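**Q** Sending over a structure as structure tokens; questions will come in a sec.
What follows draws every value from the coordinates through simple rules; no lab data is involved. This structure is a prediction, so every number in the text was calculated from the model and none was measured. Here the Cβ is made from the backbone with ideal geometry for all residues, glycine too, and neighbour counts use every protein chain on show.
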Amino acid sequence: MSSPLRLQKYLAQCGIASRRRAEELMAAGRIAVDGVIVKEMGTQVVPGKNRVTFDGKPVEAKEQLVYFLLNKPKGYVTTLSDPQGRPIVTSLIKTCEARLFPVGRLDLDTEGALILTNDGEFAQKIQHPSHGIDKTYEALVKGCPHKDKIALLQRGILLEEKMTSPAAVSIVAHAGRNCLMQIIIHEGRKRQVKKMFAFIGHPVLHLKRTAYGKLSLGRMALGDYRQLNPSELNKIFL
């Protein structure tokens, strides 16, 4: 539960008025708490528990918009609930009381960069195809694709009766008989990266998203997260 606040501070946080003006409104009998007019300046309220009204209309706190970058581990679902009882990604964010939701999705067995926010307009902007946000993945694939197969993915392939957009695909490293690939796409089709590599006969053994636009995970450990500032948010659209 939220901590108690002085009523005039709560009114200011809700955008009703400055603290001084809020005190004037209280003195004028225009503020009520749980249906009772309140004029005492020391009155405290608990947001979410007490019902505060201004001229009879409910006063609601403005939720601050927040943005987090999470390095999602395997085993977490990118939904807000799960009928099978599997853990959800929002449970990993321990330092924020806002009602966060993930932007887009990552499969249960896929790791990596995932943005969580309470800003629906921002989330829609990231996911809308018109903005063409690049998403970078590292995929450990079975075997090592020939350059002709890589060129197929680069040009676009017919996947489920629809062509994929051109992708940036390259070999990062050899891992025994397998290869670590980097692929950059700006679409958000379900399990797209896995389906693309399966199409050329090199199924994905492990998948990790490493960046949105120019916003990368860097050295963040699995399960770690950090709050993003405005300059970092701008990197997503570069």
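**Q** How much length, in nm to one decimal, is gained on full extension between D107 and H206, taken as 0.36 nm per residue of separation minus their Cα-Cα distance?
**A** 34.5 nm
**Q** Amide H to amide H, which residues 5 or more places from D224 or on other chains are under 5 Å from it, using H placed in the peptide plane?
**A** N71
**Q** Which lysines does K9 reach when only Cα atoms under 23 Å apart count, and residues fewer than 8 places away in its own chain are ignored?
**A** List returned: K39, K49, K57, K62.
**Q** Separate question: Could you go through region 186-203 in sequence order and give the Karplus-derived ³J(HN,Hα) for each residue, using 6.51 cos²θ - 1.76 cosθ + 1.60 with θ = phi - 60°, rounded to whole Hz, and x for Gly and Pro?
**A** 10, 8, x, 6, 4, 6, 4, 4, 4, 5, 5, 6, 4, 4, 8, x, 10, x
**Q** Residue by residue through region 144-157, which ³J(HN,Hα) values in whole Hz follow from phi under the Karplus form 6.51 cos²θ - 1.76 cosθ + 1.60 (θ = phi - 60°), with glycine and proline marked x?
**A** Along region 144-157, the couplings run 9, x, 5, 4, 5, 6, 4, 4, 4, 5, 5, 7, x, 10 Hz.
**Q** Out of the trypsin sites (Lys or Arg not before Pro) in region 1-70, which ones are loop residues according to DSSP with at most 14 other C-beta atoms within 10 Å?
**A** Hits after loop and neighbour filter: K39, K49, R51, K62.
**Q** For the chain, what does the relative contact order come out to in percent, with C-alpha contacts under 8 Å and a separation of six or more?
**A** The normalised contact order for the chain reaches 18 percent.
**Q** Ok, one more. Under 5 Å between amide H atoms, partner at least 5 residues away or on a different chain: which partners does H206 have, H built in plane at 1.01 Å?
**A** Amide H neighbours of H206, under 5 Å, 5+ apart: L140.
**Q** For K190 and R51, what is the calculated FRET efficiency with R₀ set at 30 Å and r taken between the beta-carbons, to the nearest 0.05?
**A** With R0 = 30 Å, the Cβ-Cβ based efficiency is 0.10.
**Q** What distance in nm separates the simple spin-label points at K74 and M163, each placed 7 Å from Cα in the Cβ direction?
**A** Taking the two extended label points, one gets 3.6 nm.
**Q** Output the pairs from K125/K149; K149/K208; K149/K190 with a Cα-Cα distance over 26 Å in this structure; if there are none, say none.
**A** Pairs exceeding the cut-off: K125/K149.
**Q** To one decimal place, what Kirkwood hydrodynamic radius in Å is obtained for region 184-238 from all pairs of distinct Cα atoms?
**A** It works out to 13.3 Å.
**Q** Can you give the Rg to Rh ratio for the chain, taking only C-alpha atoms and Rh from Kirkwood?
**A** Using Cα coordinates only, the ratio equals 1.16.
**Q** Pull out a ≥ b ≥ c, the square roots of the eigenvalues of the alpha-carbon gyration tensor of region 1-60, then state rounded if a/c is under 1.5, prolate if not and a/b is larger than b/c, and oblate in the remaining case.
**A** Since a/c stays below 1.5, the shape of region 1-60 is classed as rounded.
**Q** OK, next. Quick one: dipole size for the chain, taken about the Cα centre, charges +1 on Lys/Arg Cβ and -1 on Asp/Glu Cβ, in debye to the nearest 20.
**A** Once rounded to the nearest 20, the dipole reads 380 debye.
**Q** If you average the C-alpha positions of region 164-184 and of region 195-229 separately, how far apart do those two centres end up, in angstrom?
**A** 12 Å
**Q** Pop the C-beta distance of K125 and A17 into the FRET formula with R0 = 25 Å and round what comes out to the nearest 0.05.
**A** E(calc), rounded to 0.05, equals 0.20.
**Q** Quick one: which residues, 5 or more positions from A175 or on another chain, have an amide H under 5 Å from its amide H? H modelled 1.01 Å from N in the peptide plane, none for Pro or chain starts.
**A** Residues meeting the amide H criterion: L180.
**Q** Calculated from DSSP H runs of 4 or more alone, at -39500 (n - 2.57) each and per residue, what is the 222 nm mean residue ellipticity of the chain, nearest 500?
**A** Rounded to the nearest 500, the figure is -5000 deg cm²/dmol.
**Q** Can you give the extra length, in nm with one decimal, that the chain gains between Q182 and A28 once fully stretched, where that is 0.36 nm per residue apart less the Cα-Cα distance?
**A** So the chain would gain 49.0 nm between Q182 and A28.
**Q** I would also like to ask the following. Starting at the first residue of region 67-76, write each ³J(HN,Hα) from the Karplus equation 6.51 cos²θ - 1.76 cosθ + 1.60 with θ = phi - 60°, in whole Hz, x for Gly and Pro.
**A** 9, 10, 10, 10, 8, 5, x, 5, x, 10
**Q** Mind checking the full-extension length gain between T95 and K62? Use 0.36 nm per residue of separation minus the Cα-Cα distance, one decimal, nm.
**A** Length difference between fully extended and current span is 10.0 nm.
**Q** Among L25, A113, P145, whose Cα lies farthest out toward the positive end of the dipole of the chain, if unit charges sit on the beta carbon of Lys, Arg (+1) and Asp, Glu (-1)?
**A** The residue sitting most towards the positive pole is P145.
**Q** Oh, and also: Taking the chain as a Gaussian network, where each spring joins two C-alpha atoms under 10 Å apart, which residue of S130, S165, S18 fluctuates the most?
**A** S18
**Q** Using the 4.7 Å Cβ rule, please list in number order the cysteines from the chain without any candidate partner.
**A** Lone cysteines by the Cβ rule: C14, C96.
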